[in-house]
Amino acid sequence: MLNIALPKGRLGEKVYDIFEKAGFECPAIHEKNRKLLFENEEKGVCYFWVKPSDVAIYVERGAADIGVAGKDILLEYEPDVYELMDLGIGKCIMAEAGKNGYTDQTDRTLKVATKFENIARNYYASVGRDIDIIHLNGSIELAPILGLSDVIVDIVETGTTLRENDLCVNEKIIDISARLIANKSSYEFKKEEINRVRAAAQAYIRSGQDRK
Ligand code: PRP
């Protein structure tokens, strides 16, 4: 049996759809209830929904053999897992954003609000900019509006949140998308099962690209 951690929410539904179409369906998952764990013995898969930012923890510690996590989470927490494949969904960017018309005063320490501290520190170290991190857990866009920070480092998907709050992207930091990850020892002991799922998902994704 392969234990598979799915990120709860819109992205997770897209991810499950890929696994289902790839031949690893688990019909019980569509039942309207609040169960968190779904098994299909015949297909040898057991799915469970977890908070997107927790997927990497389940996989790193072996509670899940494989899972799907955003590249943002992998860069931020650097879990000790294998990154097997880019699923090409959940695409967005990590960017520095600020108020429209903002210009950086490079003689001052830059105040950066973010929930991605590690990504922000690495980025500003790479460009040699002194920063002061203000760690927030959500609604990051409020920080520059209220003068809590000069800029933010956050995920931009459609850009709507920025636009509707008179903010804009100053600098793209990195492209983000969903990745299939595997626990390192599971990949040793269940290599065949994991690669079967990976190959089927890859074939399904490729067939979709061919249809475009
Ligand atoms: C994320 C991100 C932005 C928003 C960007 O927030 O932090 O706020 O999505 O999406 P957009 O470019 O399509 O507007 P999320 O919904 O995860 O909530 P959060 O406030 O908890 O970060």
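The values are calculated or read from the model by the stated rules, or taken from the named source; none is laboratory data. Predicted model only: the values in this text are computed from it and were never measured. Note that each Cβ is placed from the backbone with ideal geometry, even for glycine, and that neighbours are counted across all protein chains shown. Keep in mind that these areas ignore ligands, DNA and RNA; they rest on the heavy atoms of the full protein, side chains included. Shrake-Rupley method; radii C 1.70, N 1.55, O 1.52, S 1.80 Å.
A prolate overall shape is assigned to the chain, the ratio a/c of its alpha-carbon gyration tensor axes (a ≥ b ≥ c) being 1.5 or greater and a/b exceeding b/c. When only alpha carbons are used to place a centre, segment 119-181 and segment 1-69 end up 29 Å from one another. Okay, which of segment 111-137 sit inside 14 Å, backbone N to the point 7 Å along the Cα-Cβ direction of C168? From segment 111-137, the list is empty.
Taking Cα atoms only, the orientation of helix 10-21 departs from the longest principal axis of the chain by about 30 degrees.
Axis of helix 117-126 versus longest Cα principal axis of the chain: the two differ by about 60°, to the nearest ten degrees. What a 1.4 Å probe finds exposed on segment 39-162 is 45% carbon and sulfur by accessible area, rounded to a whole percent. Pairs of lysine residues in segment 39-100 that meet both criteria, 8 or more places apart or on different chains and Cα atoms under 24 Å apart, total 4. Computed over the Cα atoms of segment 1-67, the ratio of the radius of gyration to the Kirkwood radius (Rg/Rh) comes to 0.93. Listed peptides 85-96, 120-131, 17-28, 65-76 appear in the order 65-76, 85-96, 17-28, 120-131 once ranked by packing, highest mean of other Cβ atoms within 10 Å at the front.
Bridge orientation summary for the chain: considering DSSP beta bridges with both residues in this region, about 65 percent are antiparallel. Solvent exposure of the chain, expressed per residue, is 55 Å² of accessible area, with all protein chains present and a 1.4 angstrom probe. Normalised Debye scattering of segment 108-207 at q = 0.12, 0.17, 0.24 Å⁻¹ gives log10 I(q)/I(0) of -0.59, -0.81, -1.26, counting only Cα atoms as equal scatterers and leaving out solvent. Our summary gives the chain a relative contact order of 28 percent, counting only alpha carbon pairs under 8 angstrom and 6 or more residues apart. In terms of overall dimensions, the C-alpha atoms belonging to segment 38-119 reach 62, 23, 20 Å along their principal axes, ordered largest to smallest.
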